[in-house]
1. Treating region 62-149 as a set of equal point scatterers at the Cα positions, no solvent, please give the Debye-formula log₁₀ I(q)/I(0) at q = 0.15, 0.16 Å⁻¹.
2. What is the ratio of the Cα radius of gyration of region 128-190 to 2.2 N^0.38 Å, with N the residue count, to two decimals?
3. For the chain, modelled as a GNM with alpha-carbon contacts under 10 angstrom, which of 75, 190, 293 fluctuates the most?
4. Taking only complete DSSP H runs, can you tell me which helices of the chain stretch 27 Å or more along their own long axis by Cα positions and average at least -0.5 on the Kyte-Doolittle scale?
5. Evaluate 2.2 N^0.38 Å with N set to the residue count of region 171-311, then give the Cα radius of gyration divided by it.
6. Sorted by mean Cβ packing within 10 Å, highest first, what order do the peptides 222-232, 83-93, 122-132 take?
7. Could you list 15, 55, 113 so that the one with the fewest beta carbons within 10 Å of its beta carbon is first and the one with the most is last?
8. Just how many pairs of Lys in region 155-241 have C-alpha atoms closer than 22 Å, counting pairs that are eight or more places apart or on different chains?
Amino acid sequence: MNLELSIIIPIYNEELNITNLYNRLKPVVEKFGITYELVFVNDGSKDKSIELIEELSKNDSTIKYIDLSRNFGHQVAVSAGLDYSKGAAIAIIDADLQDPPELIEVMYHKLKEGYENVYAKRKSRKDKNVLKKAAYKTFYRLLAKISHVQIPLDTGDYRIMSRKMANVIKHMPERNKFLRGQIAWAGFKQTFVEYDREERAAGEPGYTYKKLFKLAFDGITGFSDLPLRIATYSGFVVFFISLLLIAYSLYSYFFGDGQIPKGWTSLMISVMFLGGIQLLSLGIIGEYISRIQNDIRQRPLYIVKETNITI
Ligand code: UDP
Ligand code: MG
């Protein structure tokens, strides 16, 4: 059977939300009369989430589930969902009803207009946690400034992508996943729809600060070389300043008013010179690491949209 749509739902301790989500999502997809599957990925929940999903799946053959052996984190859970999904289009949605399921229909029709990815962009977000909200906002802006691909602002993983896009992402074997960045990197025609992000319906967020921090780091290290480059840049600056200071110390030694304590010049010269050289060499090592990193990420060198050559 050819499935038209797969909906991936990562689950971490969502027993209070699963039934509500199911009841809201189901009519939405039923309404547009396509064949679909709901792919629940249980990411090592400690509550009764998987039991609930299994129970639902008994009466509904559109429900598929993957039960991971432990908590691997949201990005990995979604990646597992991508590997197991069979649809011609694939949606990713949070289980806590922060992403309104009704938007799937809008995004689906948009995708059919000829896009490979339609993401949902947050016009506003209701979040009880002001600190988290501010952290997200800052992070997206920082990342946009320093990354070498254009990652859309205020966008999570709520989106629909085509099979073509999903296959590209599946063949990017990097282990520290930052899906929204990888999808932006992949290119093709992409667009967005805007929405107001709701508050979590029930339960506790599965994204702790620690997990968010890891996500932010994966985003930055995966899509920017700036942190590594800082060593190179500061190396050059310090080295240049040290040359000036060396010249100054030599000048004061030979032409100064004789006030300089004994040994100051040689001390100054060696400290400055060594400091400058050290930062500069760190920077050079950094450059090599950034190239090694590029290689081990093993992203495809390019992605062809279309060609009339068969090889
Ligand atoms: N989630 C997951 N594994 C985790 C953390 C979260 O699968 O380790 C799921 C969670 O069940 C939800 C989605 O990822 O469906 C988003 O998580 P959350 O609501 O905690 O993130 P936030 O909305 O705070 O960014
Ligand atoms: Mg949430």
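1. -0.86, -0.97
2. Working: Rg = 13.1 Å, N = 63, 2.2 N^0.38 = 10.6 Å.
Here the answer is 1.24, to two decimals.
3. Taking springs between Cα atoms under 10 Å, the residue moving most is 293.
4. Qualifying helices, which must be both long enough and hydrophobic enough, are 226-255, 264-297.
5. Output field value: 1.76.
6. Per-residue mean Cβ counts within 10 Å order the peptides as 83-93, 222-232, 122-132.
7. In increasing order of surrounding Cβ atoms, one gets 113, 55, 15.
8. 8
Each reported figure results from applying straightforward, stated rules to the coordinates on display, with no laboratory input. A quick note: this is a predicted structure, and the numbers were derived from the prediction, not measured. Glycine gets a Cβ as well: all are built from the backbone with ideal geometry, and neighbour counts include every protein chain shown.
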